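Worksheet for the structure shown next.
The values are calculated or read from the model by the stated rules, or taken from the named source; none is laboratory data. Worth saying up front: this structure is predicted, and the values here are computed from it rather than measured. Every residue, glycine among them, receives a Cβ derived from its backbone with ideal geometry; neighbour counts consider all protein chains shown. All accessible areas refer to the heavy atoms of the entire protein, side chains included, with ligands and DNA or RNA removed. Shrake-Rupley method; radii C 1.70, N 1.55, O 1.52, S 1.80 Å.
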There are 4 protein chains.
Amino acid sequence: MKKELKLMKGNEALAEAVILAGCDAYFGYPITPQSEVLEYLSLEATKRTGMVVLQAESEVASINMVYGAAGTGKRVMTSSSSPGISLMQEGISYIACAQLPCLIVNVQRGGPGLGTIQPGQADYFQTVKGGGHGDYKLLTLAPSTVQEMVDFVDTAFQLAFKYRTPVMILADGALGQMMEKVQLPDQKERTKEIPAWATVGKTKDRERNIITSLSLDPHVMENVNLQLQEKYRTIEKNEVRYEMTDCEDADYILVAFGLVARICQKAAHLAREKGIKVGVFRPITLYPFPYEALNKLADNVKGFLDVEMNAGQMVEDVKLAVLGKKPVEFHGRMGGVIPSPEEILHKLEEKLVGELV
Amino acid sequence: MKKELKLMKGNEALAEAVILAGCDAYFGYPITPQSEVLEYLSLEATKRTGMVVLQAESEVASINMVYGAAGTGKRVMTSSSSPGISLMQEGISYIACAQLPCLIVNVQRGGPGLGTIQPGQADYFQTVKGGGHGDYKLLTLAPSTVQEMVDFVDTAFQLAFKYRTPVMILADGALGQMMEKVQLPDQKERTKEIPAWATVGKTKDRERNIITSLSLDPHVMENVNLQLQEKYRTIEKNEVRYEMTDCEDADYILVAFGLVARICQKAAHLAREKGIKVGVFRPITLYPFPYEALNKLADNVKGFLDVEMNAGQMVEDVKLAVLGKKPVEFHGRMGGVIPSPEEILHKLEEKLVGELV
Amino acid sequence: MKKELKLMKGNEALAEAVILAGCDAYFGYPITPQSEVLEYLSLEATKRTGMVVLQAESEVASINMVYGAAGTGKRVMTSSSSPGISLMQEGISYIACAQLPCLIVNVQRGGPGLGTIQPGQADYFQTVKGGGHGDYKLLTLAPSTVQEMVDFVDTAFQLAFKYRTPVMILADGALGQMMEKVQLPDQKERTKEIPAWATVGKTKDRERNIITSLSLDPHVMENVNLQLQEKYRTIEKNEVRYEMTDCEDADYILVAFGLVARICQKAAHLAREKGIKVGVFRPITLYPFPYEALNKLADNVKGFLDVEMNAGQMVEDVKLAVLGKKPVEFHGRMGGVIPSPEEILHKLEEKLVGELV
Amino acid sequence: MKKELKLMKGNEALAEAVILAGCDAYFGYPITPQSEVLEYLSLEATKRTGMVVLQAESEVASINMVYGAAGTGKRVMTSSSSPGISLMQEGISYIACAQLPCLIVNVQRGGPGLGTIQPGQADYFQTVKGGGHGDYKLLTLAPSTVQEMVDFVDTAFQLAFKYRTPVMILADGALGQMMEKVQLPDQKERTKEIPAWATVGKTKDRERNIITSLSLDPHVMENVNLQLQEKYRTIEKNEVRYEMTDCEDADYILVAFGLVARICQKAAHLAREKGIKVGVFRPITLYPFPYEALNKLADNVKGFLDVEMNAGQMVEDVKLAVLGKKPVEFHGRMGGVIPSPEEILHKLEEKLVGELV
């Protein structure tokens, strides 16, 4: 029997999914355009599952509470929007190094600075190259529908615990604010299992668990890094996710993530109506990035147009994937402006089709 | 008449250069391995030039004091080491967007997390790809000697004011702690000139100056971004700096920045003694990155070995420069371990020379 | 059937009593000599009753979390020691003005400043005269045994809710650290009742609840104050608590609170052995202070010696009670030094008995 | 030759006096009704005397910057209004214990909590009984005119250095906002003298200076307290200041501090017109309080009416002074309401004159 569909706002759907996923604690601080996450959880979560929902003093406090709570082996999370996520960079680096699971949601707005409260995608670099210091990676899921805002929550928690790593859901203000029909999962019980590594008091039958990101001896610290890098290699092997639409016969590929990928599908449709064979490649995991799939695709197409709501960030990874085999062009809008399908088609013709004819 | 040479520790030499550059204010918070900067300035600066030196409550406070003070058109700065710089990411994004000049010094340690107090280079991504949110760039100078720790201070301030942009000096703990002979510049007077854009009280003969990073209208915000991007294109055209050593006849190129470049020169020397023709390419500005120079070099060599004290960060820019023309290999050490010349030579032989024979 | 006695440390006994009282949330920050409260709750509370136990970023954050959580009508609390309590003064004033119930525990150390981690009583003024700004009062219970550390917890919560006011348990480091036999109460269930004034979401059948300490109109704000003062008059009428030992026939009265009262009882015993008729008066509520009882006592005795572990604070209230009827002398020790019974007897003889003979 | 009079707002006159007193640094955070102090200093101070003026992250940060800067032997200060002063209580206790000079200005508003931005006097207890923890005292000057807002600044600094103690100027929002004619003093040069105890770097000819408020050994800490108490006894002997108006032949005394004392003078005038002989007693130093002068006065009058803009705070000190010799009544207004002369006269007749007839 199929479950009923509900019409929900992206941020609220995500918050509902957090409760349904049996999340144990949320620590956050309000910021547009994602404040609904905290608000929804404040009203709903504690009374339904006993989940702790706390508005901390700041984003710095929030991420450090996530760090502390994650050490107990619980499902914990925070959410914010671009400037708030910047304030969390030190904490994220600590959590990654301490190898703790947690979920971080970034509902991006247009930057830099205070910027605008309209949507943006200009935190791609921050998310996948390492906004914080040191060599670490954030396993990153980029939803493009409200349904994925729901589905990726439990997936994110599972990946976080599988790899003991922070996982980011990188959305944007438009996704957070738009309403779509979603199918919600069943309520998961909050788990009572305590992972072997959790610091919840030493028992007699095991050694003391220690969670730290500090190792003063450089050789010990290098080993910590080698372990991290080995984990990242495993993630890169196992967890690459992407979606290809009409790429089999395509001459040109639009590459985009998140909401922009949906606009690109519309643009591809318009292109095919004009006789230009266009496909859409959508990375779902931004890290690990689907380098290989894109590289293969490069053998059979004439060129790529990468489209983002920023000044050109993911395009570097597209170039690293294609590595000179075919031209990689870029079109971006900034400041919270969302590109239209017509505009994308126009840029495709201008930058690639025209050029290559 | 040549000036006397002085034997100085990197951090202290930099701090001395700050005073000599006529810097107006320093705001910071102590962290190993750069605390000498704050300590030296505390003891020396105020009494010699009247410069304000203030230990703030935290790195978050420090960078926001820099933001406020930079708005007055003064020469202002902060310094820290990796985790402290992570805490500044929100503030840096604000300053970049508000188009204010300032100097930020990162004397990197091994990360991620608290990591180790030994040197590292794992903040490359954070520095040049945007550790903070939004599309902005940090003009970045990477010294490889204590003399450059001195020389880059005034250069950084000049670039910061020329382009109204934050400038980063990206050093590392080894450079900060090592002693070398330096030649110090003359004392510059603290300027009394007030830039036209500074917010120091409206005078009757001009409009009100406004410094902000917020523009709620997306089209206004997109224009802010277009201005920023135009500025970055100018910087990329005018300010690329790099150093090539023995690259003319080289078959292999070692690419490295900062201290590691010096070790690579020693490795190249060892290689030439064995008959392998090796040159060294050192980016001095990490942003703007010398893509073009490296791309040209790719036409005449057999391959590149990029060497860093991290898990592989600048190597992405090297690949973006070379774009598949020639193999680009990587060797990195982490956790504060400094690679030796012999080790680098060995890796070169293993990964490139052997391969290509 | 009598319940078993348990040997417990003061701080841990108090923490256990907090759980047994059905407390809903604790927010705090570690400081000697009361860190056991947070530690004990962290280990025991959540798993036994689901109570939220959170180490906040600072004492400022802790008290403001108490403020927010108290608004939901839950049993919430914080604890700290002297310097930490000073950091809470703004928040306490807000909670008192907003008329919210909560428990604050101060396990005093010797001050001022960082002082010493040894016990003290020098926060009497801060507690009862108003450490924060504005006209408000903290209903204050001063335990003198570990058993009272236990018993006063539930009493405090009951008083807090009865009068919608913050209640302070003012202990000291010696009480917190000493072990004594205690009888623990039964576990109270955490209540699900929501007080009518709680801000937990407006329901259709009532007006919006508003909790605030701000009223820009001075006449509205004066009314807020008049309500507060009326409440304080009721508290002063109903809630005065004190203990008199051997005061009926006494010529001299030792006045002391907390632990010092027990030492005074020993001193009184020594005095009676020497033929000096001494009683002990122990205020249990420091606010409301037992002015009337002391004033009555003044009719039948020759003088009072007030003994405190400070430079003389409660002695002002003793003088205000006695109002010149009989001499009121003071003996105090500072810096964490606990006066001995012999020393007290000696001071009594020196300052009163000798004088008055 | 007499200096010209200027018409100035209280807060600005005080700020101007700060500059003229050769103050070296101001650290603060804006809050109504005293933000003009920070604003005026920001615009004027640095450019005229090179004084450091810094808006810190919070009041907690401000007072700790004062603590640090005071250690260098400079003339340093902060200012705020009631809630902001509450946030400083920990820092004030530290500074008092570390025996450092500084100036703290409290331009009181109506409390408790956020209260109102109208004037109040409800921080009397906080100021003179010890808002912070531990046994310390704030030498407190209470101006009643804008001229005293000016004059007390230099006096406060002199007392602060004479006794190495924090000094408070306790004003209120009405004084801060009202405009009156003032005579300004001459510009004092910022001193270059460094006190022997300042921690500005050890020189070869003396021992290391240590500034701390921590002494783990209780006997050492008790000695610190004994020194403090000895200092306070000296201050109580030397620094009591008060003003008596028409008290010689008075039957009734109005006791009031600050602005209210001026209203009392008007009330006394009205009373004398009706044939009731009324004098006004105004404590200028709230600590040390003029106990002795008031006690003497009690011999010749019929009663006291203490008038405050609070629920009754200084009245406790008046009672401690009079000690039952004569009736002490109280009239107070709260929430920012200023009592009128007629109202005061009415209360005097109702509570004392009528009673005693």
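Rounded to the nearest 0.05, the FRET efficiency derived from the C-beta distance between B:Lys202 and B:Leu226 at R0 = 35 Å is 0.80. Considering only D:Val322, D:Thr140, D:Val224, and ranking their Cα positions along the charge dipole of chain D that arises from unit charges at the beta-carbon of Lys, Arg, Asp and Glu, the one farthest toward the positive end is D:Val224.
Across chain A, Cα pairs under 8 Å and at least six residues apart give a relative contact order of 18 percent. Note on chain D: with charges restricted to the Cβ of Lys and Arg (+1) and Asp and Glu (-1), its dipole about the Cα centre is near 740 debye. Per residue, the solvent-accessible area of chain C (1.4 Å probe, heavy atoms of protein chains only, all protein chains present) comes to 37 Å². A point 7 Å from Cα along Cα→Cβ stands in for A:Lys192, and the other copies hold the same point at 1.9, 7.6, 7.7 nm, listed in rising order. Taking chain D as a Gaussian network of alpha-carbon nodes connected by springs under 10 Å, the highest mean-square fluctuation of the residues D:Pro119, D:Pro288, D:Pro339 belongs to D:Pro339.
For the range B:173-179, the Karplus equation 6.51 cos²θ - 1.76 cosθ + 1.60, evaluated at θ = phi - 60°, returns couplings of x, 5, 4, x, 9, 6, 9 Hz by residue, with Gly and Pro reported as x.
Would you look at the GNM of chain D, springs on alpha carbons closer than 10 Å, and say which of D:Val146, D:Val66, D:Val182 moves the most? Maximum among the listed residues: D:Val182. Computed about the Cα centre, the dipole magnitude for the range C:243-356 is approximately 40 debye when only Lys and Arg (+1) and Asp and Glu (-1) carry charge, each at its Cβ. Summary for A:Arg206: label point 7 Å along Cα→Cβ; distances to the equivalent points in the other copies, ascending, 4.6, 5.8, 6.5 nm. From the square roots a ≥ b ≥ c of the eigenvalues of the alpha-carbon gyration tensor of the range B:88-214, which class results: rounded (a/c under 1.5), prolate (a/b over b/c), or oblate? Cα axes put the range B:88-214 in the oblate bin.
Would you work out if the range C:243-356 is rounded, prolate or oblate? Take a ≥ b ≥ c from the square roots of the eigenvalues of the alpha-carbon gyration tensor; rounded if a/c is under 1.5, else prolate when a/b is larger than b/c, oblate otherwise. Cα axes put the range C:243-356 in the rounded bin. For the residues D:Gly120, D:Gly134, D:Gly279, a GNM of chain D with alpha-carbon springs under 10 Å puts the largest fluctuation on D:Gly134.
Each part gets one Cα centre, and for the range B:66-111 versus the range B:195-252 those centres are 15 Å apart. Computed from phi, the 3J(HN,Hα) profile of the range C:103-114 under the Karplus parametrisation 6.51, -1.76, 1.60 (θ = phi - 60°) reads 10, 10, 10, 10, 9, 4, 10, x, x, x, x, 5 Hz, with x in place of Gly and Pro. Sequence-distant contacts, meaning Cα pairs under 8 Å at least 6 residues apart, place the relative contact order of the range A:243-356 at 28 percent.
Rounded to the nearest whole Hz, the Karplus-based 3J(HN,Hα) values (6.51 cos²θ - 1.76 cosθ + 1.60, θ = phi - 60°) of the range C:246-262 follow the sequence 6, 8, 4, 9, 6, 8, 10, 10, 8, 10, 7, 10, x, 4, 4, 4, 5, with x at glycine and proline.
Taking a Cβ cut-off of under 11 Å around C:Met51, the surrounding Lys, Arg, Asp and Glu residues balance to a net charge of +3, with basic ones at +1 and acidic ones at -1. Inter-chain Cβ neighbour count for B:195-202, averaged per residue, equals 1 (cutoff 10 Å, partner chain atoms only).
Over the residues of chain B, the helix contribution to mean residue ellipticity at 222 nm works out to -11500 deg cm²/dmol, using -39500 (n - 2.57) for each DSSP H run of at least 4. Shielding of peptide C:220-231 by partners, expressed as the average count of other chain Cβ atoms within 10 Å per residue Cβ, is 5. Which of the three applies to chain C, rounded, prolate or oblate, going by the alpha-carbon gyration tensor with a ≥ b ≥ c and a/c under 1.5 meaning rounded? It comes out prolate by the Cα gyration axes. Charging the Cβ of each Asp and Glu at -1 and of each Lys and Arg at +1, and nothing else, the dipole of the protein assembly as shown about its Cα centre rounds to 0 debye. Counted by Cβ distance under 14 Å from A:Lys296, the other residues give a net charge of -1, where Lys and Arg count +1 and Asp and Glu count -1.
Shown for A:Glu39: label points 7 Å from Cα along the beta-carbon vector, and their distances to the equivalent points in the other copies, 3.3, 4.3, 5.1 nm in ascending order.
Not counting the cut sites, what is the longest span of chain B without trypsin sites (Lys or Arg not before Pro) that DSSP labels loop and that have at most 12 other Cβ atoms within 10 Å? Result for the longest clean stretch: B:4-191. Here the range D:322-338 and the range B:281-315 have alpha carbon centers that stand 80 Å from each other. Within 10 Å of the Cβ of each residue in D:87-98, the mean number of Cβ atoms contributed by other protein chains is 6.
Close amide-amide hydrogen proximity is noted between A:Asp123 and B:Gly134, each under 5 Å apart and 5 or more residues distant or on a separate chain (H modeled in the peptide plane; Pro and chain starts excluded).
The alpha carbon centroids of the range D:259-279 and the range C:1-52 are separated by 58 Å.
Close amide H contacts of D:Val255 (hydrogens built in the peptide plane, cut-off under 5 Å, sequence separation of 5 or more or a different chain): D:Phe281, D:Leu305, D:Asp306, D:Val307. With a 1.4 angstrom probe, the accessible area lost at the B-A interface totals about 4700 Å².
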